[in-house]
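Novice: Dropping a structure here in structure tokens format, bear with me for questions.
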Amino acid sequence: MRYRPRLTDTPLSHAAERQRFDRLDALRALAMIWMALYHFGFDLDHFGFVHQNFHADPVWTVQRRCIVSLFLFCAGFGQAIALDQHQPWPRFWRRWAQVAACALLVSLGSRWMFPRSFISFGVLHAIAVLLIVLRLSAGAGRWLWLLGLIALVLPQLVQHAWFDTRWTNWVGLVTHKPVTEDYVPLLPWAGVMWWGLAAGQWVLLRRRAWLTGTLPAALEPLAALGRWSLSFYMLHQPVLIGLLMAVLALRQA
């Protein structure tokens, strides 16, 4: 039997609305906490408390790839759940508008703080575009695995200087990484979200209990945090930066 997600506007049943997927929420929360710790280290370096090379040191570059991969995989997996629950298009667009608005705020905030290396296409920008791509391609079923593989491999095979400008580097086929504080182009990262969607479809069809099973009580706060991932993402850096600026001000007082 082949899984075919329905892209209808059928309202969710009461049972589907009540169903939670705490295990995925907890996994998403772990990605968020890891990201916050990474950003705290970056902020410590930015304000001179420590001295680390976040752009070249494998300790940090590998961590960043892992964090972004886990975050985008969960986002793709979440789209499988949304489609399984027959999320209507109006609800999809409301959520999409929240992500897109936050992406714009990230660009504006980083332009103020890092005028020469502001974020024009970071993780939220990628998610905003890829949510639409995943929604439209979800019916590909098992072909999503192949699409994901192509997206992951293509940037290693094809690069061109035309994609090196800020207006085109969002595609990902660049000859060198642009100077920016966060760069998550569609290629190769669409591959991670496609694989998340494909994995979600497979699990929902064949191993649904992996998602619907209960969590240990000690991990329930993680699930709660995972359901507020966008708010956490938008607030954690202003809080961390504000605290470090306060420490600097106290030192200079």
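The numbers here are math on the coordinates, done by the rules we state, and not lab data. Remember, predicted model here, so these are calculated numbers, not experimental data. Glycine also receives a Cβ, built like all others from the backbone with ideal geometry; neighbour counts cover every protein chain displayed.
Novice: With a cut-off of at least 2 residues that are in contact (Cβ under 8 Å) with a residue 24 or more places away in the chain, buried (at least 18 other Cβ atoms within 10 Å of the Cβ) and of a type in the set (Gly, Ala, Ser), name the helices (runs of 4 or more DSSP H) lying wholly within segment 11-108. Lay out the reasoning, then the answer.
Specialist: Numbers: elements: 14-18, 22-46, 58-84.
Per the criteria, 22-46, 58-84.
Novice: Just checking, does segment 195-205 include any residue being surrounded by fewer than 16 Cβ atoms within 10 Å (Cβ to Cβ) and aromatic (Phe, Trp, Tyr)?
Specialist: no
Novice: Quick one: which helices (runs of 4 or more DSSP H) lie wholly within segment 138-253 and hold at least 3 residues that are closer than 25 Å to residue 119 by Cα and of a type outside the set (Val, Ile, Thr)?
Specialist: Values: elements: 143-157, 186-206, 209-212, 220-226, 229-252.
It comes to 143-157, 186-206, 229-252.
Novice: Could you check segment 235-250 and list, in sequence order, the residues that are surrounded by fewer than 16 Cβ atoms within 10 Å (Cβ to Cβ) and either more than 17 Å from the chain's Cα centre (by Cα) or of a type in the set (S, T, N, Q) (or both)? Steps first, answer last, please.
Specialist: From segment 235-250, those surrounded by fewer than 16 Cβ atoms within 10 Å (Cβ to Cβ) are 235, 238-239, 242-243, 245-250; that's our starting set.
Answer for segment 235-250, where residues must be surrounded by fewer than 16 Cβ atoms within 10 Å (Cβ to Cβ) and either more than 17 Å from the chain's Cα centre (by Cα) or of a type in the set (S, T, N, Q) (or both): 238, 239, 242, 243, 245, 246, 247, 248, 249, 250.
Novice: Within segment 153-194, restricting attention to residues that are under 16 Å from the mean Cα position of the chain (by Cα) and among the charged types (D, E, K, R), which residue is surrounded by the most Cβ atoms within 10 Å (Cβ to Cβ)?
Specialist: This residue is 182.
Novice: Just for segment 206-234: of the residues that are over 22 Å from residue 68 (Cα atoms) and small (Gly, Ala, Ser), which one is surrounded by the most Cβ atoms within 10 Å (Cβ to Cβ)?
Specialist: Checked segment 206-234; the qualifying residue surrounded by the most Cβ atoms within 10 Å (Cβ to Cβ) is 213.
Novice: Here are some conditions: (1) touching a residue at least 12 places away in the same chain (Cβ under 8 Å); (2) out of contact with any helix residue (DSSP H, G or I) (no Cβ under 9 Å at 6 or more places or on another chain). Residue 145 meets all but one. Which one does it not meet?
Specialist: Single failed check for residue 145: (2).
Novice: Among the listed residues 127, 119, 132, 150, which satisfies the condition of being under 18 Å from the mean Cα position of the chain (by Cα) and surrounded by fewer than 21 Cβ atoms within 10 Å (Cβ to Cβ)?
Specialist: Values: 127 fails: surrounded by fewer than 21 Cβ atoms within 10 Å (Cβ to Cβ); 119 fails: surrounded by fewer than 21 Cβ atoms within 10 Å (Cβ to Cβ); 150 fails: under 18 Å from the mean Cα position of the chain (by Cα).
Answer to the selection: 132.
Novice: Residues of segment 239-253 being closer than 26 Å to residue 71 by Cα and free of Cβ contacts under 8 Å to residues at least 12 places away in the same chain, which ones?
Specialist: 239, 242, 243
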